Structure formats: C-alpha cells, structure tokens
Amino acid sequence: MKAALLGFGVVGGGVYTMLQEHPGWEVAYVLDKREFPELGEKLVHSIDTIVNDPAVDVVVEMMGGTKPAFDFVAAALKAGKHVVTSNKALIAAYYNELTALARENGVALRCTAAVGGGIPWLTSLERACSVDTIESISGIMNGTTNYILDVMTREGKEFAGVLKNAQELGYAEADPTADIDGWDIRRKLVISSNIAYGISIQEEDIPMSGIRGITAEDIAAFTEAGLVCRMIASSARTAEGISATVEPMLLPKGAPEAAVPLNYNRISYVGERLGIQAFFGQGAGRYPTAANCVRDCLDIEAGKRSFYADKAVPTTIRNEGSLRRYYVRANDAAAFADVAESKLGCGIVTRAIPVPEMYARAEKCSFFAALREE
Ligand code: HSE
C-alpha cells in the first residue's frame with residue numbers, strides 16, 4: 001500500500017514513523033510547504049503530484065484547518081484515493097460534502113483520530129450505533145482545558161500561568177483560543193453527535209462557553225462546596241429532538257469526570273440497551289493521534305469502506321427543554337436578580353432555567369458554569 005501524507009508536523013511525523021513499520025506499507029510522498037531535507041524526493045509541495053499518481057492508495061491529511069485541507073482532501077477523494085484525516089475542523093465543517101464525495105467515488109473516509117486523539121472512540125461509537133440506539137454522549141474531549149482546570153484545582157494557581165504551562169507542554173492548539181473558548185471541543189461534539197444519531201448538525205448551532213474567565217477564587221469556592229469544574233461536551237436525544245452544549249460544568253467531586261487528571265480525555269455514550277460505556281485516555285499528542293491514523297489505514301487495507309454512520313439527516317439543535325442551574329459571576333448582577341437562588345463564592349447559583357435562557361444572558365457574565373445534578 002502506498003500512502004501520501006499531507007502535513008509533516010507533530011502528528012504527520014508520528015504517522016511517517018509508525019506507518020512504515022507495517023510490512024507492505026510505503027510513504028510515497030509527504031506534502032508540506034516547509035523544507036525537510038531528510039525526506040529527500042518524498043517531499044512535495046503540490047497536491048497535483050499526489051492526486052495524479054495512480055500508485056497512491058491512501059492520502060493521510062494532518063494539516064489542520066479547513067484551507068487548503070478541504071480542497072486537497074476533496075481532490076484526493078475525486079481522484080479515487082482513500083482518505084484518513086485527524087482534522088476535526090475539516091470534518092465538522094464539511095461533514096456532508098466529504099461523506100458524499102467518499103460515497104460517490106467508492107472510497108473510504110476515516111477520521112478516528114479527530115475525536116479523542118488515541119482513544120478508539122469513533123470506532124467504538126460506530127460499532128455501538130450499528131446495533132443500538134445511542135441516547136446520549138458526554139465527556140471531556142479537550143486535554144488543554146482539562147489540564148488547566150485540574151492544575152488550578154489541585155494547586156490553587158491562576159488561569160494565565162497554567163495556560164502557559166499547557167502551551168509549553170504542547171497540548172494546546174496553535175491558537176489556544178480554540179481550546180479555552182470551546183471551538184475544538186464543539187467540533188469534536190459535532191462529529192460525535194452526527195455519527196451517534198445519524199444526523200448532520202452545524203457547529204454554530206451548539207451553545208458554547210469556555211473557561212477564559214475562571215479564577216482561582218471561583219475554584220476555591222467550588223472545592224469548598226464539594227464541586228469540581230470540568231469542560232463538558234454533551235448531547236442527547238430529548239422529547240424536542242437533539243440537545244447539545246459545550247460548557248464548564250460543576251460536578252460532584254465523586255463523579256468519574258472529576259477524577260480525570262492533567263490532559264487526559266474521558267468520553268462516554270449511553271445506549272438504550274448497552275447502557276453506559278466510557279473511554280479514557282490520551283486525547284492528544286504525536287503517537288496517540290498517529291496510532292489512530294495508522295489503524296484507520298490498516299482498516300482500509302483490510303477492506304473497510306463504510307463511513308461511521310450511514311445517515312446524515314439535517315438537524316437543528318433544540319435545547320429549550322434542557323433545564324440547568326448555573327453558577328454565575330456576573331458583570332451585571334441585576335441581569336440575574338430574577339433567577340438567583342443562592343450564593344456561591346463571588347457569584348450566585350440560579351434556579352433551574354432553560355439552557356437558551358442562560359445563553360441569552362451570557363454576555364453579562366465574567367464566568368458561568370452549569371451544575372450537573374447526579
Ligand atoms: N488541543 C487539543 C487538546 C488537541 O488539547 O485536546 C487534540 O485535539
């Protein structure tokens with residue numbers, strides 16, 4: 001099997017090493033705009049070289065972002081190449097287009113590393129939803145924010161310094177805004193929900209709030225109250241349709257997610273008959289992410305052609321039936337006077353309000369987090 005890699009960064013370098021360890025596999029090309037003398041003639045700067053070479057079986061895209069990744073991946077699919085990608089931004093934004101292109105051209109499109117890094121989450125979800133109805137998915141899908149919240153909780157440090165540590169450790173996206181404000185997690189929730197429920201949803205439809213405003217004082221108050229803050233992505237089938245949010249949540253300190261340390265991820269689904277299945281592990285990093293890309297390549301070699309879900313029904317998120325209590329530290333306290341129920345630290349806790357009602361007032365908050373009742 002001949003592979004062409006798009007991107008020779010952290011993940012691309014890992015796939016380059018790992019894929020060639022498998023008998024029968026050769027990396028024929030590596031496309032990158034930078035120069036890498038050690039790659040010799042394998043290094044190319046034009047996608048045309050790859051799509052015009054009939055010997056290339058699989059294109060593995062690890063460039064990140066949507067431009068030019070979409071054009072390159074679309075060209076590869078149209079040229080009859082199987083595609084493996086770790087790019088969550090690409091799959092979340094072009095879910096319908098790319099799954100349709102793969103189907104029309106009779107080739108595989110696999111993206112297991114796009115959610116959960118090295119965790120076999122999407123492949124497990126694929127197996128589960130082929131035999132059961134998935135009722136909900138939930139969890140920690142971003143290592144950077146979990147690292148920040150965990151270290152702030154254990155060491156009492158302020159946000160800015162811990163974010164800097166996370167960047168130095170290489171967990172954060174190039175622009176850490178994608179991590180701390182929730183963009184990265186929301187893309188992972190879109191892909192997971194699309195597959196779990198056989199739907200197609202838009203990123204901007206999911207309410208999202210991040211941890212940019214959290215302080216050591218907030219965390220101290222949560223600890224005092226027996227609560228642990230974690231960034232939680234969740235979606236569920238409800239009476240109204242599909243609900244979904246990406247937001248900090250306050251969990252009882254005994255909740256499984258509260259014990260997730262450092263940059264680890266923990267994601268779970270609940271199946272109607274299967275009940276809960278939870279997955280814990282390294283959600284980022286060179287070799288965990290590369291391992292899922294390589295496994296996708298081996299699955300394609302073994303004949304895997306289908307996408308994770310066979311339906312993609314266009315769906316609008318409906319959160320109006322989801323009622324939650326929120327911890328709110330407001331910059332305009334009057335905006336919450338009608339829903340405040342009790343005090344917590346420097347903020348208040350609201351009575352249970354519909355999720356859209358909270359997000360309608362989000363701009364009046366310095367920080368807010370939902371209370372998850374167990
Ligand atoms: N920045 C991401 C994280 C990388 O922190 O989880 C993996 O998607």
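Data for the structure
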item	result
Among Ala312, Thr112, Ser130 the positive-end extreme of the charge dipole of the chain (Cβ point charges)	Ser130
Distant-in-sequence amide H partners of Glu61 (H built 1.01 Å from N, under 5 Å)	Leu6, Val84, Thr85, Ser86
Theoretical gain in end-to-end length, Thr238 to Ala340 [0.36 nm per residue, Cα-Cα removed]	34.1 nm
Hz values of 3J(HN,Hα) by residue in the stretch 106-113 - Karplus curve (6.51, -1.76, 1.60), Gly and Pro given as x	x, 10, 8, 10, 10, 9, 4, 6
Nearby lysines by direct alpha-carbon distance to Lys311 (threshold 24 angstrom, same-chain neighbours under 8 apart not counted)	Lys78, Lys81, Lys88, Lys188
Two-decimal log10 I(q)/I(0) for the chain, as the Debye equation yields it once each C-alpha is a single scatterer, q = 0.06, 0.09, 0.11 Å⁻¹	-0.24, -0.52, -0.76
Nearest 10 degrees, 0 to 90: helix 10-19 Cα axis against the chain principal axis	50 degrees
GNM flexibility winner over the chain from Gly285, Gly347, Gly254 (Cα, springs under 10 Å)	Gly254
Listed residues Val59, Val339, Val151, most fluctuating in the chain (Gaussian network, C-alpha, under 10 Å)	Val339
For Thr238, distant residues with modelled amide H under 5 Å away	Ser243
Label-to-label distance, nm, for residues given as Arg127 and Glu155 (7 Å Cα→Cβ offset)	3.8 nm
Amide proton proximity set for Ala330, modelled H, under 5 Å, gap of 5+	Ile348, Ser366
Computed [θ] at 222 nm, helices only, for the chain once each DSSP H run of length n ≥ 4 contributes -39500 (n - 2.57)	-9500 deg cm²/dmol
The stretch 2-110 - convex hull of alpha carbons, volume per residue in Å³	93 Å³
Cut-off 11 Å between beta-carbons: net charge of the residues surrounding Arg324, Lys and Arg +1, Asp and Glu -1	0
Vicinal HN-Hα couplings computed from phi for the stretch 148-160 (Karplus, 6.51 cos²θ - 1.76 cosθ + 1.60; Hz; Gly/Pro x)	4, 5, 5, 5, 4, 6, 7, 10, x, 7, 7, 4, 4
Per-residue HN-Hα couplings for the stretch 64-70 [Karplus 6.51, -1.76, 1.60; θ = phi - 60°; Hz; x = Gly/Pro]	x, x, 9, 10, x, 4, 4
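Quick note: the coordinates plus some simple rules give every number you see, no bench work behind them. Being a predicted model, the structure only gives us computed values, none of them experimental. Heads up, the Cβs are rebuilt from the backbone with ideal geometry, glycines too, and the neighbour counts pull from every protein chain shown.
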